[in-house]
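The values are calculated or read from the model by the stated rules, or taken from the named source; none is laboratory data. The structure presented is a predicted model; accordingly, all values stated were derived computationally and were not measured. Quick reminder, even Gly has a Cβ in these numbers, built from the backbone with ideal geometry, and neighbours come from all protein chains shown.
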Amino acid sequence: MEEEDTGIGFPTIVISMIIITYSFRKIHCRDISLEELYRADEVFITSTSKRVMPIVTIEERKIGSGNIGRLTNEIIHLFSKNYTGHILAAK
């Protein structure tokens with residue numbers, strides 16, 4: 001996978017897996033403005049410890065429908081399934 005310089009540091013393992021899994025959707029990592037976040041259909045953040053965390057409000061403004069979006073939910077389930085598999089394999 002070719003990494004692009006996003007100015008936001010190194011992509012985490014979680015972000016890298018999302019980009020690879022959903023490469024057909026042309027997902028890109030980049031800095032975005034607060035106004036873009038307000039207008040987004042879905043927003044989520046990632047980290048190694050939390051994996052994928054949906055964001056449904058920002059500064060009391062509803063994002064999209066105000067519920068976890070379909071794509072975000074799909075990504076959460078993907079990581080839950082894979083994470084459980086790694087724990088079972090380690091036992």
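Filter the stretch 44-82 for residues that are assigned to a helix (DSSP H, G or I) and under 15 Å from residue 21 (Cα atoms) and give the result.
Within the stretch 44-82, 71, 72, 73, 74, 75, 76, 77, 78, 79, 80, 81, 82 meet the criteria.
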## Note on the structure
With criteria (1) exposed (fewer than 14 other Cβ atoms within 10 Å of the Cβ); (2) at pLDDT below 70, residue 11 comes up short on (1)
### Query
Can you spot a residue in the stretch 53-68 that is surrounded by 14 or more Cβ atoms within 10 Å (Cβ to Cβ) and either of a type in the set (Ser, Thr, Tyr) or at pLDDT below 70 (or both)?
no
## Note on the structure
Reported set for the stretch 24-52 where residues are modelled with pLDDT of 90 or more, of a type in the set (A, V, I, L, M, F, W, C) and more than 20 Å from residue 73 (Cβ to Cβ) is 34
